Amino acid sequence: MKEAVVICLNKQTREATDESECVSARRPPQLLKTCNTEPCPPRWKVEAWSSCSTTCGVGLQTRAVTCVLKGKAHSNHTEKVKDEKCRQLKPSSVQACNRFDCPPMWDAREWSTCSHTCGGGSQKREVFCKQRMADGSVLELPETFCPSPSLATLQPCSQTDCPAQWVFTDWTQCSATCGEGTQRLLVVCRRKEQNGQYRTLVPEACSSIPKPSTVRSCAAGPCEKTFKPVAAKPDPTILVQKKVYIQWRKGPKLHFVVGGYAYLLPWTSVVLRCPTRHFRKGHVRWLKDGKPLALLPHVSISHMGYIKIQQVRASDVGMYTCVAGQAQENFVLKLIGSKQKVSVPEADFWINEGVNSSPKTHQMSSISEEKAKEVLSFNHYDAVVQHLLDIKALTQEGHVSKELLDSAEKNASILEEDTLLDPQGPQVLVADMPKLDEIIRNLSGGLLSPQKDELIIQFLDELSKDIGENNESTLEPSDRQEFSTQGYTSQRTGSRLASHSSRYWRLRSPVILQKPSRGYKFPNEIVAHVGSRVLVPRQVIRVELKCQTQGNPQPVVIWTKDGVELTNSSRVGLMPDGSLHIEAPRETDSGLYTCKATNHLGSTSLSSQVQITGNGCTSGADEKNTSLCTDNLQSHSCRGQHCRHRWQVSSWSSCSANCGGGLQSRSVTCLGVAEGAETCMGAGRRPAETRACNIQPCIAWATTSWGPCNGHCVGPQQAVQHRHVFCQDKNSTRVAHRMCSNQPRPSSHRNCTTEACALHWRVGPWTQCTATCGRHGFQSRHVMCVHRRSGKPAREFHCAWRPRPASWQRCNLLSCGRGECRDSTRYCEKVRQLELCPLPQFKARCCRSCRDT
């Protein structure tokens, strides 16, 4: 309805006045008129949101949205119409909820099939610790993140008895040794029960199953009526070599025969033979450490019964046993380590009463006597072999004791490099085991250390006399001819050692060689040998003092000046060859320089007096040192004391400028003439009184101010700012960069930061704890990466420069109390409505709500 409005109006002013001014009889009647008589258009009707589908992670809420049409004007009745009737945009019927991280929980896969169909089996499943994140993704976490205990991964199944069945044994041996016989089979009726145990039943329980036959005939071959005596075959035997082989250097492939010991260098190829009598070689069996030999890519057994090992390594160490029928022989193989040590097991230098004193072999109480003998046999020669290797190492490195040196004087040939260090020397030292056993008995007899050293050296000397014969037995047949031509046969050994003894060193104390030669290497450089006086003119820019030494081991050279040891500095250099270099010598470099040479056998020293002189030949100069006088650089008309007139100069003054070119001056006077004379006859050209100095230009690096901070604003100090760096002189004129190359160049860029673009983690408040007690409560909060000033969110990796705060945590971890039935979570009413109470994990948390279910 719409109504007409009636007012009292002044005709002249056309303004509303009080109604009393108008004649009430002339007032128009009230005018009413209907309007908008058409029905209302359809509109959207929205119901309330449903509860969230999940308690954490990303859940969903739904609501009903329908298009309705209102009926009569004064009625609230509506009717549902098609959605197309509503003109407005349809409101959303679904929305996300509980968008925060869930706590880690266990997630189990399906159970596998049962391992048995009856009689008690088991089935497995995989259980993972997972966490559902606020973005809907799922993370796999370590098991420690999830509540304990975890879900079961194994459970029993098929807990039923299996049907009865026949179980039978193997056939017995034939009842006859020849001719026809019988074999029997034992058959019983059994059933596997649900606990996995077998139970024997009466035969009738298996009556429904066909029973296998329990008797069968067998034939053991025809029976012979007459027997002829058979000649007894001789027992098999193994031909052994009781020797100990010690590899002295790398070389060709080595051949050995069982019965001995071999101490080898790594990566040596080996052939181990087992010669037999009355036994076929191809039928030989090999054991390693009591077990059948395992064939590897580098270990093989030939059809002739010998072992080939390509490039021996640590895994090949052990005791190899050749078995031929009832006969068997051992061969022990060991390695020599990189520091000339028997690698395994550890061996002491000396043994007492025939028992190795290694800590490992003292532990005999826990092993049998036979095992102890085997261990002792395996380590029997380690100590004496180790001492031989120590002598070799000491001789090569020069670390030789005085006792060993005294013994070497008596057995000089064994310490010559021809025997121990010559690359063409023996490949293998071979010792007879009885001889080594005698050495071991003597060493355990209470000898002093020097006597033990001498005994070992004598033994090594004896081994060296048989180098050719011994090494020939360890080479391949094809290598023996070549090896013998190198002078290693027993007839040539002595002459070869004698012929080489003169060109290989012996141990000796240091010696410094004195050489008189000295002079100018270049016009302004002096080279001299230590031991003589050295006069150095001021014009010399470099002095080299040589100290040539000899000795074995190579001596160590130390230089001292006036008793103080010299070290490398900007002007003084100690060279690897033992020489001393002095750059730009000054008056302060004058002094007594001593070269000291030292090794383990002693030390020696030699000194030189170094004096910085004037330009000319001084009156006190030694005639032998005239070659070092500066007048050699200026004039050849004057020599030492024959100079009647000579120039005398003072030291140069300090430079007048630090850079850009300065001047130095000195006084020049003529000695040997009357005062006031204008000429210095016979003294040569007058030395200069001034010279330029510090002529390098005055230049330095200069920089502009730092530019703006720009770049990717990913955390603090990740943006960069720049500045210009240039080389300029004292007049602020830019010059080429190479002119400043001897000065440290300033940096042209650096990291920077600005608060306007820095990002950081922002955390929201914690939600209410999901439980009031127990171990299952947790609470979460929002964690976002935002701009510090604007607060706008950014991707999380931009804040990765700082650890991400936790988005969830456990809470209310207090015990719920013993015997008291309480709900530990606020979702228990929902659990009861969804009928989840029968599940143990929900019933435990919602004890009170699930009590009556």
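The values are calculated or read from the model by the stated rules, or taken from the named source; none is laboratory data. Worth saying up front: this structure is predicted, and the values here are computed from it rather than measured. As a convention, Cβ positions derive from the backbone with ideal geometry for all residues, glycine included, and neighbour counts pool all protein chains shown. What goes into the accessible areas is simple: the full protein's heavy atoms, side chains included, and nothing from ligands, DNA or RNA. Shrake-Rupley method; radii C 1.70, N 1.55, O 1.52, S 1.80 Å.
For residues that are part of a strand (DSSP E or B), open to solvent by less than 80 Å² (accessible area, probe 1.4 Å) and of a type outside the set (Gly, Ala, Ser), tally how many sit in the range 94-107. Counting residues in the range 94-107 that are part of a strand (DSSP E or B), open to solvent by less than 80 Å² (accessible area, probe 1.4 Å) and of a type outside the set (Gly, Ala, Ser) gives 7. When GLU110, GLU140, GLU180 are checked against the criterion of being at pLDDT 85 or above and open to solvent by 40 Å² or more (accessible area, probe 1.4 Å), a single residue qualifies: GLU110. Among the residues of the range 276-294, at least one is among the aromatic types (Phe, Trp, Tyr), assigned to a strand (DSSP E or B) and surrounded by 15 or more Cβ atoms within 10 Å (Cβ to Cβ).
For residues that are more than 32 Å from the chain's Cα centre (by Cα) and among the hydrophobic types (A, V, I, L, M, F, W, C), scanning just the range 296-326, find the one that is most open to solvent (accessible area, probe 1.4 Å). That would be MET304. Set side by side, the residues ALA844, ALA756 differ, and just one is modelled with pLDDT under 80, open to solvent by 40 Å² or more (accessible area, probe 1.4 Å) and under 30 Å from CYS709 (Cα atoms), which is ALA756. So how many residues does the range 1-53 have that are closer than 30 Å to LYS830 by Cα, among the polar types (S, T, N, Q) and either at pLDDT below 85 or in contact with a strand residue (DSSP E or B) (Cβ under 6 Å, 6 or more places away or on another chain) (or both)? Of the residues in the range 1-53, 2 are closer than 30 Å to LYS830 by Cα, among the polar types (S, T, N, Q) and either at pLDDT below 85 or in contact with a strand residue (DSSP E or B) (Cβ under 6 Å, 6 or more places away or on another chain) (or both).
Could you check the range 1-93 for strands (runs of 3 or more DSSP E) lying wholly inside it with 2 or more residues that are surrounded by 10 or more Cβ atoms within 10 Å (Cβ to Cβ) and within 60 Å of the chain's Cα centre (by Cα)? Reasoning before the result, please.
Details: elements: 43-46, 57-62, 65-70, 78-81.
Correct list: 57-62.
For the range 146-166, the count of residues that are in contact with a His (Cβ under 7 Å, 6 or more places away or on another chain), surrounded by 13 or more Cβ atoms within 10 Å (Cβ to Cβ) and more than 22 Å from ARG845 (Cβ to Cβ) is at least one. Residues that are open to solvent by 60 Å² or more (accessible area, probe 1.4 Å), farther than 30 Å from THR594 by Cβ, modelled with pLDDT of 55 or more and not in a loop (DSSP other than H, G, I, E, B): does the range 710-718 have at least one? Within the range 710-718, one or more residues are open to solvent by 60 Å² or more (accessible area, probe 1.4 Å), farther than 30 Å from THR594 by Cβ, modelled with pLDDT of 55 or more and not in a loop (DSSP other than H, G, I, E, B).
For the range 108-134, filtering for residues that are touching a residue at least 24 places away in the same chain (Cβ under 8 Å), under 41 Å from the mean Cα position of the chain (by Cα) and assigned to a strand (DSSP E or B) leaves 7. For the structure I just gave you, tell me whether PHE128 is more than 20 Å from GLN155 (Cβ to Cβ) and not β-branched (Val, Ile, Thr). Judged against the criteria, PHE128 is not a match.
When residues in the range 540-551 are screened for being open to solvent by less than 30 Å² (accessible area, probe 1.4 Å), part of a strand (DSSP E or B) and farther than 13 Å from LEU606 by Cα, 3 of them pass.
Scan the range 645-658 for residues that are assigned to a loop (DSSP other than H, G, I, E, B) and either in contact with a Lys or Arg (Cβ under 7 Å, 6 or more places away or on another chain) or buried (at least 16 other Cβ atoms within 10 Å of the Cβ) (or both) and the total you get is 6. The set of residues from the range 327-350 being modelled with pLDDT of 90 or more and either of a type outside the set (Val, Ile, Thr) or open to solvent by 70 Å² or more (accessible area, probe 1.4 Å) (or both) comprises ALA327, GLN328, GLU329, ASN330, PHE331, LEU333, LYS334, LEU335.
Can you work out which of the residues in the range 660-697 that are modelled with pLDDT under 80 and under 60 Å from the mean Cα position of the chain (by Cα) is most open to solvent (accessible area, probe 1.4 Å)? The selected residue is ILE695. Restricted to the range 552-571, and to residues there that are outside any loop (DSSP other than H, G, I, E, B) and modelled with pLDDT of 85 or more, the residue that is farthest from PRO585 (Cα to Cα) is VAL556. In the range 513-529, the count of residues that are in contact with a Pro (Cβ under 9 Å, 6 or more places away or on another chain) and not in a loop (DSSP other than H, G, I, E, B) is one or more. Specify which of the listed residues (GLY573, GLY578, GLY591, GLY602) is in contact (Cβ under 8 Å) with a residue 12 or more places away in the chain and either aromatic (Phe, Trp, Tyr) or over 20 Å from VAL511 (Cα atoms) (or both). When all the criteria are applied, what remains is GLY591.
Out of ARG781, ARG775, ARG789, which single residue is at pLDDT 80 or above and basic (Lys, Arg)? Working first, answer last.
On the way: ARG775 fails: at pLDDT 80 or above; ARG789 fails: at pLDDT 80 or above.
Step by step, each of ARG781, ARG775, ARG789 is checked, and only ARG781 is at pLDDT 80 or above and basic (Lys, Arg).
Among residues of the range 286-305 that are under 20 Å from GLU329 (Cβ atoms), those with a beta-carbon under 6 Å from a residue that is exposed (fewer than 11 other Cβ atoms within 10 Å of the Cβ) and of a type outside the set (D, E, K, R) at least six positions away or on a different chain give the pairs GLY305/GLY282.
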